[in-house]
Amino acid sequence: MIRVMDTRTAFELAGTDAMGQAALAASGEVSAAELLEAAILRLEAGRALNAVIADLFDRGRAQAAALDASGELRAGEVGPLAGVPFLLKDLGASLAGAPEAMGSRALRTHVACESAWIVERYLDAGLVVFGKTNTPEWGNHCTTEPSLFGATANPWSPDVTPGGSSGGSASAVAAGIVPAASGGDGTGSIRVPAACCGLVGLKPRRARTSFAPGAGHGLEGLVNEHALTRTVRDSAALLDAVTGAGVGDPYSAPVPDMPFLQAISSPTPPQRILMATASPFPGPATDPAVVAAVERTGALLADLGHTVEAGAPTIDADAVAEAIAVLHTVSNAQLYDLARSHLGWEPREDEFEPSTWVMVREGFTTTGTEYAGAIAAIHAQTRRFAGQMTGHDVLLVPTLLTPVPPYRLLDQPRGSTRAFFDVEFATTGWTSLANVTGWAAVSLPLAFTDSDDGVLPIGVQLMAPDEAILLKLAAQLEVAVPWAGRRPPGWVRGL
């Protein structure tokens with residue numbers, strides 16, 4: 001019998017992925033309550049990371065106790081993730097009765113009145129929710145340093161960002177507090193933190209999951225929700241848990257041929273892969289270490305039997321950047337209305353991040369014609385992109401064009417929303433194209449580099465119309481280049 005209430009064993013469990021922890025619970029070696037208490041010990045040891053901004057220990061303990069009392073874990077009546085401690089991003093993962101500040105000072109006392117459909121699916125799968133993770137205000141930034149809660153630390157180095165907007169979740173998983181945590185992705189907000197923190201970050205294809213009950217979609221389809229994990233199988237199992245449409249959804253993704261967890265162990269047919277290292281947007285050249293990581297991955301995929309060809313689809317970079325900026329201004333104006341409704345008065349400029357206020361103010365004056373034009377531009381560039389990918393199955397590109405960025409780069413006001421995104425895209429490059437097109441995309445920690453900030457991960461990104469082939473390729477690469485055992489300096493350790 002494993003005694004996870006023993007501190008040493010609680011920290012040893014940090015290296016066990018979600019499916020591994022669930023298997024321990026299903027076998028009776030540990031209880032859900034013991035797994036939770038072990039995770040709480042690790043969370044307390046990792047407080048300096050500032051990854052978790054709302055403790056939900058009592059609700060987690062009640063949920064774990066109910067799971068243990070029901071006997072469902074031992075009877076195998078729940079899925080491969082049951083009993084696993086889990087953290088929710090404090091944006092897009094509403095839990096009824098729990099705090100939901102969304103990184104905003106204007107919403108610092110806001111409490112969710114209903115649970116998101118995706119959270120209900122997590123709970124149905126037996127994941128034990130015990131906290132919420134830090135996020136930048138309204139998910140606007142690809143870094144996590146909101147003025148409300150303060151910056152989240154990257155376990156790999158205190159001098160670089162953990163990414164955003166799912167930076168709190170990424171930090172918690174990378175440090176070993178939990179094996180998985182939820183995330184959301186509008187221009188790279190799962191994949192950028194995955195690259196910064198050395199994790200698996202899958203953005204599902206458009207409409208793979210539901211935004212019910214509060215919305216039909218996010219940012220006109222740019223936003224997708226999933227999770228940060230250390231292993232490919234955990235990502236697949238979590239996607240299985242949340243795949244599907246909610247009642248009344250405006251549209252949904254095709255039902256997969258088989259469960260994603262099953263797909264990763266089935267044969268992988270040879271794929272036609274197009275490889276690009278330069279950015280689709282104007283700006284500085286891709287860092288040589290990043291180029292080398294992508295090219296090594298291309299060579300490895302060729303060795304695995306796939307056809308890899310250099311090249312890239314082209315898009316109208318100006319049209320894409322302008323459309324994304326316009327969609328964000330309107331989204332921020334809508335969130336301003338949420339803050340006004342919550343507070344009962346007109347929020348002041350000093351209640352928002354400076355870059356958020358720029359977006360809000362522009363949103364007030366964005367016309368319906370401009371908004372409709374942005375949506376049309378997104379659709380036009382999607383068709384252009386997809387048309388140029390005809391003849392290829394997968395696109396291989398960098399996740400970030402640069403080494404892991406420092407703090408105070410990706411959250412600063414630039415005078416306009418468009419200028420803000422021009423700076424972001426000079427770092428992120430390809431990530432937004434997956435959101436624009438609705439393609440699935442995954443960032444994998446396939447390289448590490450020595451720098452002045454220490455050893456830092458490099459993420460390599462695969463994009464395709466569907467998740468199954470990405471997860472299958474990721475599983476192949478995980479075997480060839482194992483990464484889950486790498487530990488950052490900020491890995492949680494007992495006294």
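Scan the range 154-170 for residues that are more than 15 Å from Pro99 (Cβ to Cβ) and surrounded by 24 or more Cβ atoms within 10 Å (Cβ to Cβ) and jot them down.
Of everything in the range 154-170, those that are more than 15 Å from Pro99 (Cβ to Cβ) and surrounded by 24 or more Cβ atoms within 10 Å (Cβ to Cβ) turn out to be Asn154, Pro155, Trp156, Thr161, Pro162, Gly163, Gly164, Ser165, Ser166, Gly167, Ser169, Ala170.
Residues of the range 127-144 being of a type in the set (Ser, Thr, Tyr) and either part of a strand (DSSP E or B) or surrounded by fewer than 24 Cβ atoms within 10 Å (Cβ to Cβ) (or both), which ones?
Correct list: Thr133 only.
Looking at Ala48, Ala10, which one is in contact (Cβ under 8 Å) with a residue 40 or more places away in the chain, closer than 26 Å to His141 by Cα and part of a helix (DSSP H, G or I)?
Ala48
Within the set of pairs 6+ apart or on separate chains, which have a first residue in the range 337-351 that is in a helix (DSSP H, G or I), a second that is surrounded by fewer than 16 Cβ atoms within 10 Å (Cβ to Cβ), and C-beta atoms under 8 Å apart?
As it stands, the answer is Arg340/Glu346; His342/Thr109, since those pairs meet every condition given.
Mind listing whichever residues of the range 397-415 are of a type in the set (Val, Ile, Thr) and in a strand (DSSP E or B)?
Val397
When you go through Leu202, Leu219 one by one, which is the residue that is within 30 Å of Leu456 (Cα to Cα), modelled with pLDDT of 95 or more and not small (Gly, Ala, Ser)?
Result of the check over Leu202, Leu219: Leu202.
Would you tally the residues in the range 291-331 being acidic (Asp, Glu) and under 25 Å from the mean Cα position of the chain (by Cα)?
Of the residues in that region, 2 qualify.
Give the range 452-495 a look and list any residue that's among the basic types (Lys, Arg) and part of a loop (DSSP other than H, G, I, E, B), or say none. Write out each step before concluding.
Of the residues in the range 452-495, the ones among the basic types (Lys, Arg) are 472, 486-487, 493.
Of everything in the range 452-495, those that are among the basic types (Lys, Arg) and part of a loop (DSSP other than H, G, I, E, B) turn out to be Arg486, Arg487, Arg493.
Go through the residues of the range 372-394 one by one and say whether even a single one is modelled with pLDDT of 95 or more, surrounded by 18 or more Cβ atoms within 10 Å (Cβ to Cβ), in contact with a Lys or Arg (Cβ under 8 Å, 6 or more places away or on another chain) and hydroxyl-bearing (Ser, Thr, Tyr). Full working, then the answer.
Start the filter on the range 372-394 by keeping residues that are modelled with pLDDT of 95 or more, which leaves 372-394.
Among the residues that remain, those that are also surrounded by 18 or more Cβ atoms within 10 Å (Cβ to Cβ) are: 374, 377-378, 381-382, 385, 389, 392-394.
Right, trim to in contact with a Lys or Arg (Cβ under 8 Å, 6 or more places away or on another chain) and you get 392-394.
Pick out the ones that are also hydroxyl-bearing (Ser, Thr, Tyr) and you get none.
Scanning the range 372-394 turns up no residue that is modelled with pLDDT of 95 or more, surrounded by 18 or more Cβ atoms within 10 Å (Cβ to Cβ), in contact with a Lys or Arg (Cβ under 8 Å, 6 or more places away or on another chain) and hydroxyl-bearing (Ser, Thr, Tyr).
Being over 16 Å from Arg230 (Cα atoms) and among the small types (Gly, Ala, Ser) is true for just one of Gly494, Gly459, Gly485. Which residue is that?
Gly494
Tell me, yes or no, whether the range 200-222 has at least one residue that is among the hydroxyl-bearing types (Ser, Thr, Tyr) and within 24 Å of Arg414 (Cα to Cα).
no
If you check Ala106, Ala112, Ala175, which single one turns out to be under 26 Å from Ala195 (Cα atoms) and modelled with pLDDT of 95 or more? Write out each step before concluding.
Details: Ala106 fails: under 26 Å from Ala195 (Cα atoms); Ala112 fails: under 26 Å from Ala195 (Cα atoms).
Of Ala106, Ala112, Ala175, the one residue that is under 26 Å from Ala195 (Cα atoms) and modelled with pLDDT of 95 or more is Ala175.
Go over the candidates Leu81, Leu88 one by one and state the one that is modelled with pLDDT of 95 or more, aliphatic (A, V, I, L, M) and assigned to a loop (DSSP other than H, G, I, E, B). Spell out the reasoning first.
Details: Leu88 fails: assigned to a loop (DSSP other than H, G, I, E, B).
Leu81 is the lone residue from the list that is modelled with pLDDT of 95 or more, aliphatic (A, V, I, L, M) and assigned to a loop (DSSP other than H, G, I, E, B).
The values are calculated or read from the model by the stated rules, or taken from the named source; none is laboratory data. Source: prediction; values computed, not measured. Every residue, glycine as well, gets a Cβ built from its backbone with ideal geometry; the counts of neighbours run over all protein chains shown.
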